[in-house]
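Beneath this line is the structure, given in structure tokens, with notes to follow.
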Amino acid sequence: MKRYDVVALGELLIDFTENGTSAQGNPLYEANPGGAPCNVLSMLTRLGRRTAFIGKVGQDIFGKRLKAALEEVGIDASNLVMDGETRTTLAFVETFPDGDRDFSFYRNPGADMMLRTAEINMDMVSSTEMFHFGTLSMTHEEVRNATKAAVAAARAAGAVISFDPNLREPLWRSLEDAREQTAYGLSQCDVLKISDNEIQWFTGEKDYDAGIRKLREQYDIPLIMLSMGKEGSRAYYKDLRVEVKPFLQDNTVETTGAGDTFGACCLHHVLTYGLQNMDGEKLEEMLTFANAAASIITTRKGALRVMPGEEEVRELLDR
């Protein structure tokens, strides 16, 4: 048995989410710890998995609070690097009436994009059952090199590679650059979590199944999970295609972290059953649990600190 179930590398930042208005009518923002890889790890930790994070934050009030948040939820933060020169990345999140969001990033530069290969604990990377990453640690050359070095080390150690593109257009110099790095992730992963808009963007296909077919023709990815928001989710595995309806909530406030929660639950099931041992029943169980957990997180502000536990998810499933 390896030391960790899942190690993730990537961005850790502050999500400033709207939370009411002041007496003067100005919007109030709540500083929530965020960043997709750590949201994934937080949910996995709630499900009893051993997790660790690799990344960089500023040696500032936000960076210190983020480190404390990771330790609070049980994520190993021993390879979280504190940068004394570059500030922690910030994101301001505008939430629309339907719960969807738009992001304004303060990251030029941000500490997360300053991670270097020499700062990565490769022993940690080699000591995990699964390694998870996204594209935001590949927007700039040096951190891109660090990410790819970690992926190579994880693969060499026999880890299952998990990838979530998590496209954020404002953070890229061009969408062609984003496409190139997404293609790299697709070429490396054993498990892919991709959203409806990302599959359409990358493949140019409006129909999701057509997009997945095009993806599978080019990349050998054993398991693909497609999140479709209010339409639910699908899993593609060998010759199987399984679709599960969503759990829609009347009290949804925002969708921040929903995709990360969904993805984490899927990884939990992969770790439970083994990537080679999935079947239609297990895929349906996986998607149903993941959809339910994702729906719970949409009723809360932020994600990393407020992930649901397994009991809470089971309660929703039993209703």
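Do you know which of the residues in the stretch 244-283 that are among the acidic types (Asp, Glu) and in contact (Cβ under 8 Å) with a residue 24 or more places away in the chain is surrounded by the fewest Cβ atoms within 10 Å (Cβ to Cβ)? Full working, then the answer.
Just the residues of the stretch 244-283 that are among the acidic types (Asp, Glu), to begin with: 250, 254, 260, 279, 281.
If we keep only those that are in contact (Cβ under 8 Å) with a residue 24 or more places away in the chain too, we end up with 254, 260, 279.
Numbers: 254: 24, 260: 29, 279: 13.
Of everything passing the filter in the stretch 244-283, 279 is surrounded by the fewest Cβ atoms within 10 Å (Cβ to Cβ).
If you check every pair at least six apart or on different chains, which have Cβ atoms under 7 Å apart with a residue in the stretch 1-17 that is part of a strand (DSSP E or B) first and a residue that is of a type in the set (D, E, K, R) and crowded, with 24+ Cβ neighbours inside 10 Å second?
13/112; 17/254
List the number of the failed condition for residue 184; all other conditions in (1) under 18 Å from the mean Cα position of the chain (by Cα); (2) of a type in the set (Ser, Thr, Tyr); (3) buried (at least 19 other Cβ atoms within 10 Å of the Cβ) hold.
So residue 184 meets the others, but not (3).
Condition test on residue 231, is it touching a Lys or Arg at 6+ places or on another chain (Cβ under 6 Å) and under 13 Å from residue 291 (Cα atoms)?
Details: touching a Lys or Arg at 6+ places or on another chain (Cβ under 6 Å): no; under 13 Å from residue 291 (Cα atoms): yes.
For residue 231, the condition - touching a Lys or Arg at 6+ places or on another chain (Cβ under 6 Å) and under 13 Å from residue 291 (Cα atoms) - is not met.
Over 15 Å from residue 103 (Cα atoms), out of contact with any strand residue (DSSP E or B) (no Cβ under 7 Å at 6 or more places or on another chain) and without any contact (Cβ under 8 Å) to a residue 12 or more places away in the chain: is that true of residue 26 in this structure? Break it down into steps so the answer makes sense when it comes.
On the way: over 15 Å from residue 103 (Cα atoms): yes; out of contact with any strand residue (DSSP E or B) (no Cβ under 7 Å at 6 or more places or on another chain): yes; without any contact (Cβ under 8 Å) to a residue 12 or more places away in the chain: yes.
Criteria met by residue 26.
Could you give me the residue pairs with C-beta distances under 8 Å whose first residue belongs to the stretch 46-70 and is under 25 Å from residue 266 (Cα atoms), whose second residue is in a loop (DSSP other than H, G, I, E, B) and among the charged types (D, E, K, R) wherever it lies, and which are 6+ apart or on separate chains?
Within 8 Å, the pairs are 50/3; 55/11; 69/305.
When you go through 209, 250 one by one, which is the residue that is farther than 17 Å from residue 281 by Cβ and in a loop (DSSP other than H, G, I, E, B)? Walk me through it before giving the result.
Values: 209 fails: in a loop (DSSP other than H, G, I, E, B).
Just one listed residue meets the conditions, 250.
Can you go through 51, 95, 17, 21 and tell me which one is in contact with a strand residue (DSSP E or B) (Cβ under 7 Å, 6 or more places away or on another chain), more than 23 Å from residue 145 (Cβ to Cβ), β-branched (Val, Ile, Thr) and surrounded by fewer than 17 Cβ atoms within 10 Å (Cβ to Cβ)? Lay out the reasoning, then the answer.
On the way: 51 fails: surrounded by fewer than 17 Cβ atoms within 10 Å (Cβ to Cβ); 95 fails: surrounded by fewer than 17 Cβ atoms within 10 Å (Cβ to Cβ); 17 fails: surrounded by fewer than 17 Cβ atoms within 10 Å (Cβ to Cβ).
That would be 21, the only listed residue that is in contact with a strand residue (DSSP E or B) (Cβ under 7 Å, 6 or more places away or on another chain), more than 23 Å from residue 145 (Cβ to Cβ), β-branched (Val, Ile, Thr) and surrounded by fewer than 17 Cβ atoms within 10 Å (Cβ to Cβ).
Please find, within the stretch 140-171, the residue that is farthest from residue 1 (Cα to Cα) out of those that are among the hydrophobic types (A, V, I, L, M, F, W, C) and at pLDDT below 95.
Residues of the stretch 140-171 among the hydrophobic types (A, V, I, L, M, F, W, C): 143, 146, 149-154, 156-157, 159-161, 163, 167, 171.
Applying the additional criterion that residues be at pLDDT below 95 yields 167, 171.
On the way: 167: 33, 171: 38 Å.
Within the stretch 140-171, the match that is farthest from residue 1 (Cα to Cα) is 171.
For the stretch 22-55, which residues satisfy the criterion of being at pLDDT 95 or above and more than 18 Å from residue 74 (Cα to Cα)?
The answer is 22, 23, 24, 25, 26.
Of everything in the stretch 93-139, what is at pLDDT 95 or above and among the aliphatic types (A, V, I, L, M)? Give them in sequence order.
111, 113, 114, 115, 118, 120, 122, 124, 125, 130, 136, 138 - these are the residues of the stretch 93-139 that are at pLDDT 95 or above and among the aliphatic types (A, V, I, L, M).
What strands (runs of 3 or more DSSP E), lying completely within the stretch 38-141, carry at least 1 residues that are over 24 Å from residue 153 (Cβ atoms)?
On the way: elements: 51-58, 76-83, 90-95, 101-106, 128-134.
Per the criteria, 51-58, 90-95, 101-106.
I need a count of the residues in the stretch 219-242 that are in a strand (DSSP E or B) and crowded, with 17+ Cβ neighbours inside 10 Å.
Restricting attention to the stretch 219-242, the residues satisfying the condition of being in a strand (DSSP E or B) are 223-227, 233-237, 240-242.
Still in the list and also crowded, with 17+ Cβ neighbours inside 10 Å: 223-227, 233-237, 242.
Matching residues across the stretch 219-242 total 11.
The values are calculated or read from the model by the stated rules, or taken from the named source; none is laboratory data. A quick note: this is a predicted structure, and the numbers were derived from the prediction, not measured. Positions of Cβ are generated from backbone atoms using ideal geometry, with glycine treated the same way; all protein chains shown enter the neighbour counts.
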